[in-house]
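Below is one structure, written out as C-alpha cells; comments come after it.
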Amino acid sequence: MSKLILVDGNSIAYRAFYALPLLTNSSGIHTNAVYGFAMMLMKILEEEKPTHMLVAFDAGKTTFRHESYQEYKGTRQKTPGELAEQIPLVKELLDVFQIPAYEKENYEADDIIGTLAKASGSQGVETLIVSGDKDLLQLVDEHVRLLLTRKGVTETESYDIPAIKEKYGLTPAQIIDLKGLMGDSSDNIPGIPGVGEKTALKLLAKFPTVEEVIAHVDELPGKKLQEKVREHQEQALLSKKLATIYTEVPLDFGLDHLQLPERDTERIVEFFKKMEFKTLLSRVHKQDHAEKGEAVKNEVDVREVASLSGLEEMVDVFNAGSLALFIETSEDNPHHADIVGLAISDGQTQWYLPWEVAEQSDAVRGWLADEERDKLVYDMKKTQIVLANKGIIAAGLTFDVLLAAYLLDPSESQLELSDIVSRYGNEPIPADEDVYGKGAKRKAITGETLARHLAAKAKAIHHVTPVLKQELAKLDLDQLLFELEMPLASVLAEMERQGVFIDQARLEELGVELKQSLDRLEQEIYELAGVTFNINSPKQLGEILFDKLGLPVLKKTKTGYSTSADVLEKLAPQHEIVDKILHYRQVGKLYSTYIEGLKKEIGADGKIHTRFNQTVTATGRLSSTEPNLQNIPIRMEEGRRIRQVFIPSEPGWHILAADYSQIELRVLAHISEDEQLQKAFKEDKDIHTQTAMDVFGVAEDEVTPLMRRQAKAVNFGIVYGISGFGLARGLDIPQKEAREFIDRYFETFPGVKRYMDSIVERARKDGFVTTLSGRRRYLPAINAKSFGERSFAERTAMNTPIQGTAADIIKLAMVKLAQAMNERKLASRMLLQVHDELIFEVPEAELEEMKELVVAVMEDALPLSVPLSVDVNSGKTWYEAK
DNA sequence: TGTCTCACG
DNA sequence: ACGTACGTGAGACAA
C-alpha cells in the first residue's frame, strides 16, 4: 500500500520559525525554523510511515494569481532575514532525508500540492497534506486528508470530509466559497467587507456557493448585508477565484518519482551534529534501533551483589564519595510499593542489590541514613518514602535529577530519567516503557535484565548530574533547587506518609444520604422526561433536552450539544427538568468522586495518603493525586460536608487550617508596584469592595453587592491575564461592558497596567517569565503568528509570575514551618497544602502555640512591599476549621 | 484513549 | 474578525 505525504514547505517553515524561540548554534546561525521543521518531519515519518513524499515551496515573487489581482499577498510582510537565511538549510535537511523538494516558477506550493493530491487521490492512493494553512482544506476528499498544525509545529489536527463538515458545516469544495465571502487578510484577499467567518458560514448554510449567495441577494437577512453583497459581488467572485487552488500545474514527474529510499542515518546524524540538534540526534538513534527491532543499547557494567558476603566489598565504595542511587519499586505509588532492589553507581562501576540482600546489611542501612555520605537520586521524595516505610530515614540526598530537570523547564511533561538524560546530551538509556512494556503488556522483569536496566539508570544519574548542575547555575536556579524544592520534598514526604485520618462511619452516612438523594432525583428526571436514559451521558442527555423536549441549543461542543452547567443554568426557567439535572449532576459528582472515590483510597491504617506532585505544574504549584485532596468541595454546603470526614488521627486533637488572604493580589501589588493597590493592602481593606469604590468612584456605603461581585470578577480577570472576552464570560455581560470595566480598572491602577504591558514585552524579548524567586517558565508561543496561540501566551506571561510567586511563598513557608516545628519539638503535624492554605493536626495543648507560629511563619515567609495576611481556624474536623 | 463535565485554588 | 479567562485531577462515557 502506498501512502503519499505532501508538505507545504513555506507554511511549515514559517510556523516553526514563529513557534520557537530564535535558537542560534555555536557558529551563530539561526536554527529554530530548521529545528521545528526537522521535528515535524521526524514525527510524521515515525507516525505516518509514508512510502512517498514531497515538500513543495513557493517560487519567486509573482504567480499567475497576480495577473488577475495585483494586490495578491500585498499585505504580506517581508520574510524576516532570520527566517530567509534558514530556507536553504531546510532544503539541505530535506536532502539528507532524501525527500524531494520542489518549486515551480509562477505557481505556489498550494498549487503543486493540489495537483499531486488530485492525481494521487484519483488513483486511490492514501494522501496526507501537511500545512498550517486552512485554505488547503479544499483539497480534502475521500483519499486525501489534511494535517493542520494547531499549536507549535508538532501538534496537529487531522481533517477528513466529516471533520470539515463537523467544524464548519461545509464540504471541502465550499472552503473557497467561504474565502470568497470572508476574504483572507494574510493573502490580502478582500472578500466582502464586513463579512467575517460567522456571517459567511450562516450564508453558506443557506446558499451553498458564492454564486448562489449573489443570485439570492434579496433573500439575505438585513438590508445592510444585502447592500454589501451587491456592492462587492465582483470582488467576492474574484476572491473565490484567488482562493481556488490550481490543480493542473504541468509537472514533469509522476508519483513513482517521489518514492522514499531507505533512510541514510549517517547523513542525517552528520547534519544534526552540524546544526547542534542534540535532542533530535538521540531520537534518530532511537528510531534507528526501533526500526531494527533493537532497544537502545545498554552496555552498562554491573555487578550483582547476590549475598550478604558480597556486600563486604561495598563498604569501601560507600566511603569513596558521591554515589548515584536508584531504588526500583514494585509499583509507582510509594505508599503501596515494595522495594525491589537498589542500583548504585560511582560513575564507572554499577552494583545491583536485590532488596532481600540489602535490607539485611547494616552497611547499606548505615550508608542510606548517613548525612555525611552524598547520594545523587532521581525523585528524592519517593526515595525517602519507600525507605521510611522500611524504617530507614534517608539522609545525605544532595541532588535530585527530577527536581533539577523540572526547574530547568517546568513545562516539560517528559520527565522520565531516560528523557532527561537524552535531553541534556548524555548517552541514552532505555525508556521504562521499552523495558517493561506498556498497558496490558506491562510485565515485571527479573534477573540480569533488571539489574542492567537499573544499573543503567544509576549510571545515568551519576553522569547527568554535573550537566544539570551546570545548567542550573547558568540560569541561576541552584538556590531554588537546594534551598526550596529539595527541602520541600522532604517535608512533603513526611506529610504524605503521615496521611489524613478518615471518619469512615461519617463517610458511610453521607454516602447513604447522597445515594438516596441521587435515586430520588433519577426517578423524578425519568418521570419528567417520560423515558429512562443515562443522565450521565452528555450524548443521551442532549438528545432528551434538545431533541425530545425541544429546548434551545445555546452552545455546541465538537461532538454535539453542550450540556455544561452554565448552559443548563440558562435553560432552567424553561423546563423544571433542568434544575433536577443540575442537582443530579452535583450529587452524582459528590457520590462518585468524593464518597466512592475517597473510600477506595483509605488504607489499612484508616488514613488517606495523597501524593503531592512537585514536578507537574508549569507555574510552580503543587498538584495532588490518588486521591486529589486539593479539590475537596467547599463552595456548596451540600458538598462542603464531605470535609466532616477529615479528622485528626489522635483522640482529642484538632484540625487547624491556615490560609493566605488574597495572596495573588498582594503579590500583584508587590511586583506591579502599583501605589493604589499597595495602599489598599497596607490599610487592610476588603480588596473587592475597595476595587469597586475605586473603579465605580463611589463611597464604601454605596457599593452594592452587584458592584462588589463585578469588582471581584475583574480582580480575578486581572490575575488570569485579562481579556474583555474572558471577563464578559465570567460576568455574563456584553464584551463592550467588560472592556469598559477593564479600562476603568487600568485607569484606577495604572501601575498594574504598566506591569501587564512590561511583562508581556519582557516575555517577547527573553522568551520566558520568572517568579520572585527566579523560577522560570518559557513561553515559545509569545511571538506566534496565530492570534489564539499568541494571546494565550500573553495571558500566561501575566499570570505565571503571580501564581508562581504565590506558590514560591507557601512552599517557603512550609519548609520554614517544618523546621520551626521540629526545633520546638512540637507533636503537631502538617498534613495538607491546598495552594494558599495549610492543614495541620494539632494536640489540644499545642493549639494556641501552633496558631501563633503558623501565622507568623506564613506571613513572614517572603516579605513583600505589602503585608501578607493569614487567617487561621481550628475545629474537630476539617469542616469545622473554617 | 479522547472528550466532556466538574471539583478546587 | 479573530476566539480564551490562569493552574490542576478524576469519573463517566463512547469509541
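Every read-out reported here was derived from the displayed coordinates using simple, explicitly stated rules and does not represent laboratory data. The structure displayed is predicted, hence computed values, not measured ones. Because the Cβ atoms are built from the backbone with ideal geometry, glycine has one as well, and the counts that use them run over all protein chains shown.
Got a sec? Which residues in the range A:800-826 would a label at residue A:845 touch, if it sits 7 Å along Cα→Cβ and we count backbone N under 18 Å? Residues A:821-826 fall inside that zone. Only Lys, Arg, Asp and Glu carry charge here, each on its Cβ (+1 for the first two, -1 for the last two); on that basis the range A:195-353 has a dipole of about 1320 debye about its Cα centre.
Farthest towards the positive end of the charge dipole of chain A, among the residues A:232, A:144, A:857, is the Cα of A:232, using unit charges on the Cβ of Lys, Arg, Asp and Glu.
Near the amide H of residue A:58, within less than 5 Å, lie the amide hydrogens of A:10, A:109, all on another chain or at least 5 residues away, with H placed in the peptide plane.
The range A:173-208 and the range A:689-724 have Cα centres separated by 40 Å. Using C-alpha pairs below 8 Å separated by at least 6 residues, the relative contact order for chain A is 10 percent.
Charged side chains reduced to their Cβ positions (Lys and Arg at +1, Asp and Glu at -1) give the range A:192-248 a dipole of some 260 debye around its Cα centre.
Summing +1 for each Lys or Arg and -1 for each Asp or Glu among the other residues whose beta-carbon sits under 14 angstrom from that of residue A:754 gives -4.
Comparing A:5, A:618, A:878 along the charge dipole axis of chain A, the residue lying farthest to the positive side is A:5, per the Cβ-charge model.
Residues in the range A:787-796 carry Karplus couplings, in order, of 4, x, 4, 5, 4, 4, 5, 5, 5, 5 Hz; the curve used is 6.51 cos²θ - 1.76 cosθ + 1.60 with θ = phi - 60°, and Gly or Pro positions show x. For the range A:262-274, backbone phi angles converted through the Karplus equation (6.51, -1.76, 1.60; θ = phi - 60°) give residue-by-residue couplings of 5, 5, 9, 4, 4, 5, 5, 4, 4, 5, 4, 5, 4 Hz, Gly and Pro being listed as x. One Cα centroid belongs to the range A:334-375, the other to the range A:402-448; the line between them spans 20 Å.
Between the residues A:805, A:210, A:551, the greatest Cα displacement towards the positive end of the dipole of chain A, with unit charges on the Cβ of Lys, Arg, Asp and Glu, is found for A:210. Take every pair of alpha-carbon atoms less than 8 Å apart whose residues are at least six positions apart; their mean separation over the length of the range A:111-217 yields a relative contact order of 17 percent.
For residue A:613, the residues whose modelled amide H falls within less than 5 Å of its own, excluding neighbours fewer than 5 places apart on the same chain, are A:623, A:624, A:625.
For residue A:224, the aspartates and glutamates whose Cα comes closer than 18 Å to its Cα, not counting residues fewer than 8 places off in the same chain, are A:197, A:234.
Remark: chain A carries a charge dipole of roughly 1620 debye about the Cα centre, counting +1 on each Lys and Arg Cβ and -1 on each Asp and Glu Cβ. Taking the DSSP bridge list for chain A and keeping only pairs wholly inside it, about 65 percent are antiparallel.
Give me the distance between the Cα centres of the range A:100-120 and the range A:744-772, rounded to whole Å. Their Cα centres are 45 Å away from one another. Calculated FRET efficiency, residue A:434 to residue A:531, Cβ-Cβ distance, R0 = 41 Å: about 0.25 to the nearest 0.05. For the range A:388-481, which trypsin sites (Lys or Arg not before Pro) are in a loop by DSSP, counting at most 11 other Cβ atoms within 10 Å? For trypsin sites (Lys or Arg not before Pro) across the range A:388-481 that sit outside H, G, I, E and B with at most 11 neighbouring Cβ atoms in 10 Å, the list reads A:438, A:442, A:443. Its residues counted as N, chain A yields a C-alpha radius of gyration over 2.2 N^0.38 Å of 1.08.
Straight-line reach from residue A:73: which lysines have a Cα under 26 Å away, not including same-chain ones fewer than 8 places off? Excluding near neighbours in sequence, the set is A:61, A:91, A:104, A:118, A:134, A:151, A:179, A:198, A:228, A:240, A:241, A:785. Exposure proxy for A:367, A:878: other Cβ atoms within 10 Å of each Cβ, ordered fewest to most, give A:367, A:878.
Per the Kirkwood formula applied to alpha carbons, the range A:487-634 shows a radius of gyration over Rh ratio, Rg over Rh, of 1.09.
For the range A:732-740, 3J(HN,Hα) computed residue by residue from phi via the Karplus equation (6.51, -1.76, 1.60; θ = phi - 60°) reads 6, 10, x, 4, 4, 5, 4, 5, 5 Hz, glycine and proline entered as x.
Listed by chain and number, the lysines whose alpha-carbon sits under 20 Å from that of residue A:474, ignoring those within fewer than 8 places in the same chain, are A:278, A:765. Mark the label point 7 Å from the Cα of residue A:251 along Cα→Cβ and return the residues of the range A:119-138 whose backbone N is within less than 17 Å of it. Within reach of a label on residue A:251: A:119-131, A:136-138.
Would you mind checking which residues have amide H under 5 Å from residue A:3's amide H? H placed 1.01 Å from N; only 5 or more apart, or other chain. HN-HN under 5 Å from residue A:3: A:51, A:52. Highest average first, the peptides A:584-590, A:196-202 ordered by how many other beta carbon atoms sit within 10 Å of their residues are A:584-590, A:196-202.
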